[in-house]
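Data first, discussion second: the structure below is written as C-alpha cells.
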Amino acid sequence: MHKVFQCVPNFSEGRRVDVIDEIVCAIDAASNARVIDYSMDTDHNRAVITFIGEAEDIRMSALAAAAAAVALIALNNHSGAHPRIGAIDVLPGVPIEG
C-alpha cells in the first residue's frame with residue numbers, strides 16, 4: 001500500500017513571485033511529488049505551497065524547498081503583518097492515504 005502525504009510549508013515571502021517560483025521548481029525537481037497549489041499574501045509577506053506524494057518524495061521535496069528558501073529569502077529586511085520567524089516558518093506533513 002502506498003503512503004501518500006500532503007505537505008504544506010509556509011515561507012516568509014509573499015511579494016516576490018520569482019522567489020516562490022524557484023521554490024516550486026526546487027520541489028518539482030527533487031522528486032515525483034506534485035505541487036497542487038500555492039498562494040501568496042503580500043500583507044503578511046507569506047506564501048504557502050501545497051504538494052502531495054509518497055513519503056520519500058515528500059521528504060526529498062521538503063528538504064529541497066527548505067534549502068531553496070534559506071538560499072533565496074533574506075530575513076534582514078523582512079516586513080509584514082507578522083514578524084519574521086524563518087525563511088520557512090512551518091513544514092507540516094499530513095497523511096492522506098495508507
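The values are calculated or read from the model by the stated rules, or taken from the named source; none is laboratory data. What you are looking at is a predicted structure, and each value in this text was computed from that prediction instead of being measured. Because the Cβ atoms are built from the backbone with ideal geometry, glycine has one as well, and the counts that use them run over all protein chains shown. Ligands, DNA and RNA are stripped out before the accessible areas are found, and what is left, the full protein with its side chains, is counted by its heavy atoms. Shrake-Rupley method; radii C 1.70, N 1.55, O 1.52, S 1.80 Å.
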Measure off 7 Å from each Cα along the Cα-to-Cβ vector at LEU63 and ARG15, then give the distance between these two points in nanometres to one decimal.
3.3
Modelled label-to-label distance, ALA74 and CYS25, 7 Å Cα→beta-carbon offset: nm?
2.0
Using helices alone, what [θ] at 222 nm do you get for the chain, with -39,500 (n - 2.57) per DSSP H run of 4 or more residues, divided over all residues and rounded to the nearest 500?
-11000 deg cm²/dmol
Could you pull out which residues in region 53-72 have an amide N less than 17 Å from a spot 7 Å beyond the Cα of ILE36, following the Cα-Cβ vector?
53-59, 61-62
Could you tell me the extents of the chain's C-alpha atoms along the three principal axes, largest first, rounded to whole Å?
46, 21, 18
Two-site FRET efficiency, LYS3 against THR50, from Cβ-Cβ distance with R₀ of 25 Å, rounded to 0.05
0.90
Go through the chain and name the trypsin sites (Lys or Arg not before Pro) that are in a DSSP coil and have 13 or fewer other Cβ atoms within 10 Å of their Cβ.
LYS3
Let me understand region 17-71 better: what is its radius of gyration from the alpha carbons, and its Dmax, in angstrom?
10.9, 34
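If I compute solvent accessible area with a 1.4 Å probe over the protein chains, what percent of it on the chain is carbon and sulfur?
55
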